[in-house]
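Peer 1: Shown below is the structure under consideration.
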Amino acid sequence: MRFRENKTLQNISMDNMKTRLGLTLLGLKGFGKVKAREIIRLSNTLPETTEGIAELLAEVSEKTAKKLPAVNITDISSAMTLANKTIEDCAARDISISFVEPSRDCQWKSRFSRIPNPPLLLFSLGNTEILNGPSIAIIGTRQPTSWGEKSAIRFAEISVEQGFCVVSGLALGCDIAAHKGALQANGSTAAVLAHGLDSVHPRQHSSVAREILENGGCLLSEYPPGVGPERGNFVERDRLQSGASLGVIVIETTIDGGSMHTVRFAEKQKRLVGCIDHPVKFHDLKSVKGNRKLLDDGASAIKDRDDLEQFLKLCSNPGESGDQSALQQADLFL
């Protein structure tokens, strides 16, 4: 795939034009997801040239009475070159780029578009259609007990049997166990990564990533190829794990573990939160302390298959819980 010189954007579909413009805006210094989305929303037409983008920025600044970061034609041209390079690189790697907005034809985009701090663009490998149905995030510490690891596998298997796609982060411990459980049950699973899809982190999970794709699942990321697994990316990634799902199940976590970020995002996103209620002999373990706190704070206790099936039922039919926060999930599907 080839593109014209960076002064002109290729004539493409509306969705792809938004994607291209979004990439270009994100390449400008001082422009983040929020500014870029607002500019695209306020645009009557999607400009195809550097001059057109410059005019659009001036119009938006005047219309909103907000001063945008100062950029010139050279800045825009460089950003457009980078956008074209990113699109070309993704095409060569079979990576799709999606502009995230409400859509009657794509429920997963709508689900992401309605969370606080929604992603502007998402990069994907594989079959994202699996996210149009019910999904459940199964997450936890990188250092679970053997009981917790086995539980992650079993809970994923049961979730698949109940018609759910299993979402996790392909990390060590609970995450990889959840993906393996879904695969063992011949089910769908989606891995949300904290880096570009040109690599897999940790490397030893590359074979599982391939199996996910071969089994009809997908890999998803907010970051373009070339972006590594930087520390802050993992917290950003956590909001997408819960955002992709109707509920979150915590297998094991410490009090200050990364899983707690996902739980907090889930609560802000009005997702249901479930948590393994371990046998008493595990309660004093560091990797279970977070579970005890979550249960004290009101997370749904999951001890066995019956509890899990009931939790999944509530995720599919949030109104049955009688909880107003859960009822708000009903509009996730258009």
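Peer 1: Within 10 Å of each residue's Cβ, count the other Cβ atoms and sort Cys174, Cys275, Cys218 from fewest upward.
Peer 2: Sorted ascending by nearby Cβ count, the order is Cys218, Cys275, Cys174.
Peer 1: Given H placed 1.01 Å from N in the peptide plane, which residues other than close sequence neighbours of Ile249 have an amide H under 5 Å from its amide H?
Peer 2: Correct list: Ala137, Ile138, Ile139, Gly274.
Peer 1: Right, next: Between Asn291, Asn16, Asn44, which gets the highest mean-square fluctuation from a Gaussian network model of the chain, Cα cutoff 10 Å?
Peer 2: Judging by the Gaussian network model, the answer is Asn44.
Peer 1: Additional query: Determine, from the Cβ-Cβ distance of Asp105 and Lys293 and an R0 of 51 Å, the FRET efficiency 1/(1 + (r/R0)^6), rounded to the nearest 0.05.
Peer 2: Efficiency computed from Cβ-Cβ geometry: 0.80.
Peer 1: Then there's this: So, R0 is 22 Å and r is the distance between the beta-carbons of Lys281 and Arg305; what FRET efficiency does that work out to, to 0.05?
Peer 2: With a Förster radius of 22 Å, E is 0.60.
Peer 1: Next up: What residue among Leu56, Leu21, Leu312 shows peak mean-square fluctuation when the chain is described by a Gaussian network model with Cα springs under 10 Å?
Peer 2: Taking springs between Cα atoms under 10 Å, the residue moving most is Leu56.
Peer 1: Report, in deg cm²/dmol and to the nearest 500, the calculated mean residue ellipticity at 222 nm for the chain, where each DSSP H run with n ≥ 4 adds -39500 (n - 2.57) and the sum is divided by the residue count.
Peer 2: -14000 deg cm²/dmol
Peer 1: Put a dot 7 Å past each Cα toward the Cβ at Leu68 and Ser207; how far apart are the dots in nm?
Peer 2: The modelled label-to-label distance comes out at 5.0 nm.
Peer 1: Cross-link candidates for Lys66: which lysines have Cα within less than 30 Å, leaving aside residues fewer than 8 places away along the same chain?
Peer 2: Candidates past the 8-residue exclusion: Lys7, Lys18, Lys29, Lys33, Lys35, Lys109, Lys268.
Peer 1: Please report the spacing between the Cα centers of the range 216-249 and the range 97-117 in Å, no decimals.
Peer 2: Cα centres, the range 216-249 to the range 97-117: 15 Å.
Peer 1: Stretched out fully, how many nm does the piece from Glu59 to Asp89 gain, at 0.36 nm a residue minus the Cα gap?
Peer 2: 7.6 nm
Throughout, read-outs are computed from the coordinates displayed, never taken from laboratory work. The structure presented is a predicted model; accordingly, all values stated were derived computationally and were not measured. FYI the Cβ positions are ideal-geometry reconstructions off the backbone, even for glycines, and counts take in every protein chain you see.
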